[in-house]
Every structure is written in structure tokens, then in C-alpha cells.
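The values are calculated or read from the model by the stated rules, or taken from the named source; none is laboratory data. Predicted, not measured: the structure shown is a model, and the values here were computed from it. Using ideal geometry, Cβ is built from the backbone for each residue, glycine included, and neighbour counts are taken over all protein chains shown. Remember, those area values only see protein heavy atoms, side chains included, never the ligands or the DNA or RNA. Shrake-Rupley method; radii C 1.70, N 1.55, O 1.52, S 1.80 Å.
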Amino acid sequence: MPTPGPSSVPRPGQAWPFPSTPGGPRKPTAPCTDARLPSPDVVTDRRWLPSFWQSMTMLTVIGEGLVDVVQRASGIEAHVGGSPLNVAVGLARLDHPVQFIGRYGRDAYGDSVAAHLRASSVMLPLGPDELPTSVATALIDDDGAATYTFDLTWELPGIADRLAFMLQGTTLLHTGSIATMLAPGATDVLAAVEYAHPHATISFDPNCRPSIITDVDYARRHTEKFVTLADVVKASDEDLAWLYPDMDVLDAARRWLSLGGSEGPAMVVVTRGAEGPWGVCHAGEAKVPAPRVEVADTVGAGDSFMAALLSGLVDRGLDGAQNRKDLRELPAEGLAELLAHAARAAAVTVSRPGANPPTRAELDAVL
């Protein structure tokens with residue numbers, strides 16, 4: 001096979017790279033259908049890696065990847081998961097070029113993590129390490145809701161020296177969940193966000209896990225650090241109720257919008273299950289109903305919502321720090337459209353088992 005280069009990056013069914021269109025959304029090119037093209041792990045080939053990153057704009061997700069061991073009354077299944085990883089897969093399935101910066105082990109579970117990401121054409125700039133792959137055990141109740149316990153390791157040794165290289169083409173960086181709370185890796189994630197902020201849109205989902213981070217004061221302090229740096233924040237009503245037990249959930253979200261002043265969030269969105277999502281931006285507030293579907297389970301629903309929300313912003317050309325002013329001036333009607341789009345993605349996900357976000361074609365089909 002000839003030495004791979006940037007022009008051969010698109011995978012079958014993938015619709016990137018996108019041409020840049022100043023002042024407007026980037027329109028995806030026709031999906032690639034050549035199955036002979038190399039898999040996304042060729043980005044580790046040092047013969048062309050520098051030219052690839054210099055010529056490519058992309059979205060970056062940094063955070064934990066793990067294996068969900070799902071226990072149901074009918075039996076036990078294993079699915080690749082982790083909130084940031086799910087968002088990366090969701091963005092890739094919506095035809096965006098995306099890289100996932102996270103750790104996974106040199107073991108069978110780690111092989112599953114890497115294969116799952118590559119199957120959706122997510123790029124992996126980091127290879128496996130010698131630590132065990134993290135595992136989350138999800139107990140599914142009769143209503144389809146999931147309760148989690150975790151056995152995980154979160155660290156990114158040496159990542160600080162590679163940030164400038166790996167993030168140079170990033171127009172949007174997303175993070176959240178365990179990766180932003182659990183030492184020692186949380187420090188590296190915060191450094192990555194601070195590095196990317198001057199040139200990229202930042203998005204954050206705290207996705208709180210009280211069974212792992214039990215100190216709510218600690219969690220609140222760390223969450224607010226990331227909220228202050230973020231342009232787009234999404235949280236569940238359960239997250240906000242845990243972080244601010246003495247405050248109304250929506251009032252807590254409104255308070256987040258004020259953090260960071262003129263450099264703070266452009267929008268804060270709250271998912272509320274069957275009640276439907278609500279959001280606030282500087283132009284006002286919006287809410288939309290949740291689509292009615294038969295629920296298989298809720299695993300990954302919030303992550304599919306997050307991915308589709310970000311996809312909607314990118315489709316509107318609002319990613320990149322140069323578009324931060326336009327993002328902050330988004331009208332309430334535009335926020336409502338984004339909420340509805342993201343809610344449809346979540347509805348597709350809850351209609352089938354596991355964290356299985358929709359493709360762009362599947363999402364377009366439910367419009």
C-alpha cells in the first residue's frame with residue numbers, strides 16, 4: 001500500500017474533511033465509498049502525521065473510555081462506553097471529523113474500545129498503555145434506568161508535551177464526566193481546555209458520578225472551573241440537583257450562564273428526561289418536548305444529546321473561537337432548534353439498547 005496521506009483519510013460512509021466557508025456552516029462533502037482506504041489508526045504513522053494535523057480541522061473529545069458491563073434481568077452484556085467516548089462516536093456518526101484523546105489498556109477490553117472507535121472513524125492519536133482498561137458496571141432496572149459502579153484508572157502521562165501538536169487543528173474541544181474530576185488525569189484535562197480556549201469552542205458536560213466523586217463541594221469547585229472556560233454547557237437535572245441541593249435546578253443553570261463574564265458560557269442546557277430539554281442563552285430561554293418513543297434503556301442518551309447539540313452548532317458554522325461572538329448572540333429561537341435536534345438524537349438512542357448514537361441518515365429520517 002502506498003504511504004497514506006491526508007487526501008486518503010476519509011473512511012467509507014464518512015463525509016470529511018469539510019471545506020471551510022468563512023461566515024457560514026461547513027458543508028460536508030459526499031461520503032467516501034472507497035473501502036480500500038486506510039483505517040483511522042494510520043494517524044499513528046509518523047511518516048505523514050505532522051502534515052495531516054497541519055492540514056486538517058477537526059473536533060476533539062478528551063476524556064475516559066471504558067467498557068460498560070450491563071446487567072439486566074435477561075442477562076449480562078458488555079458495551080464500549082464512557083461519556084466522552086460516546087460523544088466522540090456520536091459526532092463521528094453525524095459526519096464530523098473527530099479525534100478521541102483518552103486512555104485504554106493493552107487488553108481485550110482495550111481492543112474492544114479501539115475497535116469501537118475505529119468502526120465509527122474516530123481518530124486515535126494515543127495508543128494503548130499497560131494499565132487495565134476501565135470498567136463500569138451498569139445495573140438496569142425495570143424502567144430501563146441505569147445505576148453505575150466503576151473500576152477505573154484515569155491518567156494521561158506525558159500529554160502536556162503533546163497538546164500543541166494534537167490540538168493545532170481543533171475548532172471545538174469537548175470534555176466532561178469522570179475525566180474532569182478524577183486525579184491525576186483531571187489536571188491534564190483542565191490544561192488541555194485552557195490551551196485550546198483561545199482558538200477553539202469549548203463544551204462541557206459534568207455528567208456527575210457521585211459513586212466515584214463523593215465530595216460534592218470538591219465536585220462543585222471543579223465543575224465551575226470548567227463551566228467558566230466553556231462556551232457550551234450541558235447538564236442533567238440530576239447533576240444540578242446534586243451539585244446545588246438548595247437551589248432550583250434552572251436557577252442553578254442560569255447562574256452558570258453568568259460565570260466567566262464575557263468569556264463565559266454562551267448557553268447552558270439542561271436535560272430533564274421525559275420532561276424535555278431546557279436551555280438558556282444570552283438572548284433568552286427555550287424548551288422543547290421530549291419525543292415519545294418506547295424506551296429500551298437510557299444508557300448513552302445524554303451523550304447522544306450532547307453530540308447532536310454540538311453537531312448542530314458546527315453545521316451552523318459556530319465552532320472556533322473566531323465565532324464566539326456569534327455563538328453568544330444566538331437567538332432563543334436558534335437555541336430551541338438546537339434543543340429539538342439534540343432531543344431527536346437522544347430519542348433514537350433510548351429506543352435501542354446500549355450507547356448507540358444515531359448516524360446522520362438515521363437522525364434525518366426522524367425529522
**Test for D303: is it buried (at least 20 other Cβ atoms within 10 Å of the Cβ), under 21 Å from T171 (Cβ atoms) and touching a residue at least 60 places away in the same chain (Cβ under 8 Å)** = yes
**Fill in**
Just one listed residue, out of L124, L156, is more than 27 Å from P210 (Cα to Cα), buried (at least 21 other Cβ atoms within 10 Å of the Cβ), touching a helix residue (DSSP H, G or I) at 6+ places or on another chain (Cβ under 8 Å) and not basic (K, R), and it is L124
**Prompt:** What residue, of P265, P277, P245, P289, is open to solvent by less than 20 Å² (accessible area, probe 1.4 Å) and free of Cβ contacts under 8 Å to residues at least 60 places away in the same chain?
**Reply:** P265
**Asked** From T147, T171, T137, which residue is hydroxyl-bearing (S, T, Y), open to solvent by 10 Å² or more (accessible area, probe 1.4 Å), in a strand (DSSP E or B) and within 28 Å of D364 (Cα to Cα)?
**Response** T171
**Message:** Of everything in segment 241-292, what is of a type in the set (F, W, Y) and in a loop (DSSP other than H, G, I, E, B)? Give them in sequence order.
**Reply:** Y244
**Request:** Evaluate the following for A336: is it open to solvent by 10 Å² or more (accessible area, probe 1.4 Å), at pLDDT 95 or above, more than 20 Å from F100 (Cβ to Cβ) and hydrophobic (A, V, I, L, M, F, W, C)?
**Result:** yes
**Message:** I'd like the full set of residues that are of a type outside the set (D, E), under 15 Å from the mean Cα position of the chain (by Cα) and closer than 16 Å to T170 by Cβ, limited to segment 193-231.
**Reply:** V193, A200, T201, I202, S203, F204, A230
**Prompt:** Which one of L257, L363, L318 is among the aliphatic types (A, V, I, L, M), within 22 Å of L173 (Cα to Cα) and in contact (Cβ under 8 Å) with a residue 40 or more places away in the chain?
**Reply:** L318
**Item:** Which listed residue is of a type in the set (G, A, S), open to solvent by 70 Å² or more (accessible area, probe 1.4 Å) and touching a Phe, Trp or Tyr at 6+ places or on another chain (Cβ under 8 Å), from S258, S211
**Value:** S211
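If only one of A355, A296 is modelled with pLDDT under 95, touching a helix residue (DSSP H, G or I) at 6+ places or on another chain (Cβ under 7 Å) and under 22 Å from V98 (Cβ atoms), which one is it?
Exactly one residue qualifies, and that residue is A355.
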**Message:** What are the pairs with Cβ atoms under 9 angstrom where one residue, in segment 127-154, is at positive phi and the other, located anywhere, is open to solvent by 50 Å² or more (accessible area, probe 1.4 Å)? Sequence gap at least six, or different chains.
**Reply:** G144/V295; G144/T298
**Prompt:** Going by the conditions given, is A88 modelled with pLDDT of 95 or more, within 25 Å of D239 (Cα to Cα) and of a type outside the set (V, I, T)?
**Reply:** yes
